[in-house]
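Have a look at the structure below, then the notes.
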Amino acid sequence: MSVLSWNIRGLGSESKSSWCRKLKAENEIGFILIQETQFESLERVNVNRFWGRGDMEFEHVDASGRSGGLISMWNPRLFVKESVVKDRNFLVVSGYLKEDGRRITLINVYCPQRLNDKCVVWEQLKSIITEDGGFWIVGGDFNSVRDSVERRNSNFNRLDSEAFNEFIEDAGLV
């Protein structure tokens, strides 16, 4: 199953939804993780415009003001949801693949800016991930980079990078 993860920086524009639909169709994407919706409520938002044709289910975490907000969408013909965990900074959707019954958990992440706050989120995620030996896909915006070459037009924070790399290693992520 192909997965698309995208920090959308606001759901508003039609060009974003058409771009997302096009990517989904061209790459046979079965699961979409969207960060930074910037919507406090999805009550009046047509989430299906990002998916396009075909069956779709979704879960979401509302933004706090204009900060954050997460949507996870999937094809229910490929993936069956069994449980959901919602937090201001992450959305965990667990279930199984219809094709082979394999258990899989997808985590959609939008981390805060401050290192101390990121570390709290990373500890929560490590706890969730290490509780279960299943198959995991973790995507999103961690507001961190692993190496200085990944940082463009902004300052590189070595301590942040070291903490992020430590989280990745401790959680057993690749």
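Computed log10 I(q)/I(0) for the range 42-130 at 0.10, 0.20 Å⁻¹: -0.30, -1.02, from the Debye equation with unit scatterers placed on every C-alpha and solvent omitted. Would you kindly state how much longer the chain becomes between Val174 and Glu26 on full extension, computed as 0.36 nm times their sequence separation minus their alpha carbon distance, in nm to one decimal? Extra length available between Val174 and Glu26 comes to 50.7 nm. Remark: spin-label model distance Gln113-Arg44 equals 2.8 nm, labels positioned 7 Å along the Cα→Cβ axis.
Counting only helical runs of four or more DSSP H residues, what would the 222 nm mean residue ellipticity of the chain come to if each run contributes -39,500 (n - 2.57) and the total is spread over all its residues?
Taken over the chain, the calculation gives -8500 deg cm²/dmol.
For the range 5-40, the residues whose amide N sits under 14 Å from a probe point set 7 Å from the Cα of Asp62 along the beta carbon direction are 38-40.
Using the Cα centre of the chain as the reference point, and only Cβ charges (+1 on K/R, -1 on D/E), how large is the resulting charge dipole? Debye, rounded to the nearest 20. Walk me through the intermediate numbers first.
Values: 23 positive and 26 negative charges, 133 e Å.
So the magnitude is around 640 debye.
Remark: for residue pairs Lys24/Lys98; Lys24/Lys118; Lys16/Lys126, the C-alpha separation exceeds 21 Å in Lys24/Lys118; Lys16/Lys126. Were the residues from Asn7 through Val80 laid out at 0.36 nm apart, the gain over their Cα-Cα distance would be 23.8 nm. The simple spin-label model puts a point 7 Å past each Cα toward its Cβ; for Ser15 and Glu131 those points are separated by 4.2 nm.
Given the choices (1) -0.58, -0.77, -1.21; (2) -0.36, -0.66, -1.54; (3) -0.31, -0.56, -1.34, log10 I(q)/I(0) by the Debye sum over Cα atoms at q = 0.09, 0.12, 0.19 Å⁻¹ derived from the coordinates of this structure is entry (3).
All of the numbers you see were taken from the coordinates with simple rules; none came from a lab. No experiment lies behind these values; they were computed from the predicted model shown. Don't worry about glycine lacking a Cβ; one is built from the backbone with ideal geometry, like all the others, and counts go over all protein chains shown.
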